[in-house]
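A quick write-up on the structure given underneath.
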Amino acid sequence: MAVSITQSLIDGLLMGGVYALAALGVSLIFGVMKITNFAHGALITVGMFVAYFMFAQLGVSPYVSLPITILVMFLLGYGIQKLTINPIITAPSHNQLLLTQGLSIVLENLLLVLFTANYKSISLPGFDKAIKFGALSINKPKLIAFGLVVLASLGVYLLLQKTDIGHAISATSVQREGATLMGIKVERINAIAFGIGVACAGVAGALLAPIQYISPTVGEGFQLKCFVIAVFGGLGNIWGAVVAGLIIGVVESVASLALGGSWSEMVIYLIFILVLLFKPTGLFGKKTR
Amino acid sequence: MLTVEDLYVNYGTLQIIQGVSMKIEDGEMISLVGSNGAGKTTLLKTISGLKKPESGKIIWDGEDITTLSPDKIVARGIVQVPEGRKLFPQMTVQENLELGSFLKEAKKKRKDTLEYVYEMLPDLQKKAKMPAGSLSGGQQQMVAIGRGMMACPKVLIFDEPSIGLSPLLTDIMFEIIRKIKDSGTTVMLVEQNVQNALRMADRGYVLEQGHIAMEGKASDLLENEELKKSYLGI
């Protein structure tokens, strides 16, 4: 029993890392432009397919092609923001929801056209064997995914804390007018922040690609999970999202051990409802916006 | 020289600025005074490009800057220290100051300007690593002024810098503004504190319900009976 609980904690933590990175993107985007990106799940899928494409066409492992995935996804996010989000940036939030939800449908169907609905997978030779620690076994792609997630989050942290662009992003998220008066182009910062958020989704997708099957609609499950995690961590609080992601990963894994797989999702949404009822600003949220 | 020509600005259907014309010569300090709701902040927002006018022009050194975006206006050297400071509270004092020099030209001189700002506002150096939001109101106002200076402004516009400050701090702050002016920066001071603002300035404008009610040498305005009656309560 102790072994299976430890095993499920480890599995949960490793998956939680991937959730954390994806949700960090949702929270960053919300923090800067007060828009919930309901296309995030679809963008995770796009990340998967970018990695899959490079694997299938060029034989490059998703880990090696990760920098290209980051670049492609950043540019995609930047473009999406400029073309579709920016025009509705001051629109009522239900309209923004419709737009990002619509984007999600467009992206999914684009993937269907390009890659068909057939399930795909990436199998990396040598990566299918688990690492054994006594009775515990650790799935290699999940471990690598976790390591790279930590690196990616660290990268986002350094970008936000140590660079002028990062400071401008933080400044814009708390004090739009003050930032504008310093000569910061808020529209450009919005697009960059959206690009970074989408790149986070893309990295999560690329790292999930060797772990699970790939299909154009697989992101839907992640969409709601990312949203739940971002709210749990306090929308706009990206480090809250990271912590919440790890928690949700562990809860999901332990719940599926204790109650069975079909219950684990329910536990997550139960937590979501409780958070909304009792602490709608999230674990670390301070103020309501 | 910064010139405002027959400016009209609306908020929705409400006409806030109704035909304002004014000019600020290089190196000059002017005060724009007026009561709450006279349109002072709207006028400044229009100069900074945050708000587009219905008609009229804003000219800087012969160039029409009326339709330029805010970042282009900051790049020309027209910088605002906004009302209510509008700092980035979770960031440190130094990070706030550094963001003042976000644009290319100012960034090149960042190190030197920062040294200069710390020299002028030594209190800020002691608080450099503290979150700006944790400072007192007076110190936050100094950060806002320092942040404005970091942009290497040719014209520095202060919007109600004395708001919420004690009389002592107000004096200190006006002294800093005078130093900034003496260093060669053109200053536009927008205040409700009419007497203090006019005492420091070369010239003054009185804004009333969206138009200029009086203008002239600051010392003359201070002697003006009408102004005395309505603003100074003498």
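Every number in this text was worked out from the coordinates using simple rules, so none of it is lab data. Note that the structure is predicted; figures quoted are calculated from it, not measured. Cβ coordinates were reconstructed from backbone atoms using ideal geometry, including for glycine residues, and neighbour counts include every protein chain displayed.
Odds and ends about this structure:
- Relative to the longest principal axis of the Cα atoms of chain A, the long axis of helix A:238-259 lies at roughly 30 degrees.
- Highest-MSF residue in chain A out of A:Lys34, A:Lys279, A:Lys129 [GNM, Cα springs under 10 Å]: A:Lys129
- Per-pair calculated FRET efficiency, R0 = 22 Å: A:Phe53 and A:Tyr213 via Cβ, rounded to 0.05: 0.90
- Each of B:Ser162, B:Ser31, A:Ser8 has some number of other Cβ atoms within 10 Å of its Cβ, and from fewest to most they run A:Ser8, B:Ser162, B:Ser31.
- Residues B:Trp60, A:Trp263, A:Trp239, arranged from fewest to most other Cβ atoms within 10 angstrom of their Cβ, appear as A:Trp263, A:Trp239, B:Trp60.
- Farthest positive-ward along the stretch B:2-232 dipole, Cα basis, beta-carbon charges - from B:Met188, B:Leu103, B:Leu168: B:Leu103
- Amide H contacts under 5 Å for B:Leu121, placed H, 5+ residues apart: none
- Highest-fluctuation residue, A:Phe115, A:Phe227, A:Phe146 considered, GNM on chain A with Cα pairs under 10 Å: A:Phe115
- Linear extension gain, A:Asn118 paired with A:Glu220, 0.36 nm per residue minus alpha-carbon span: 35.1 nm
- Ranked by how many other Cβ atoms sit within 10 Å of their own Cβ, fewest first, the residues A:Cys226, A:Cys200, B:Cys152 fall in the order B:Cys152, A:Cys226, A:Cys200.
- Counting only Cβ charges, +1 for Lys and Arg and -1 for Asp and Glu, the dipole size of the protein assembly as shown around its Cα centre is about 1440 debye.
- Separation between Cα centres of the stretch A:94-172 and the stretch A:4-54, rounded to whole Å: 5
- Within a Gaussian network of chain A (alpha carbon springs, distance under 10 Å), most fluctuating of A:Leu24, A:Leu276, A:Leu208: A:Leu276
- Nearest 10 degrees, 0 to 90: helix B:137-150 Cα axis against chain B principal axis: 90
- Here the stretch B:2-232 has an Rg and Dmax of 17.1, 49 Å, counting Cα atoms alone.
- With Cα atoms, 0 to 90° folded angle of helix A:93-115 axis to chain A main axis: 50
- Extreme residue, positive dipole direction of the protein assembly as shown, given options B:Val93, A:Gly102, A:Ile122 (C-beta unit charges): A:Ile122
- Simple Cβ-charge dipole of the stretch B:2-232, Lys/Arg +1 and Asp/Glu -1, about Cα centre, in debye nearest 20: 900
- Ordering B:Met150, B:Ile17, B:Leu227 by Cα displacement along the dipole of the stretch B:2-232 toward the positive end leaves B:Met150 in first place; charges were set at the Cβ atoms of Lys, Arg (+1) and Asp, Glu (-1).
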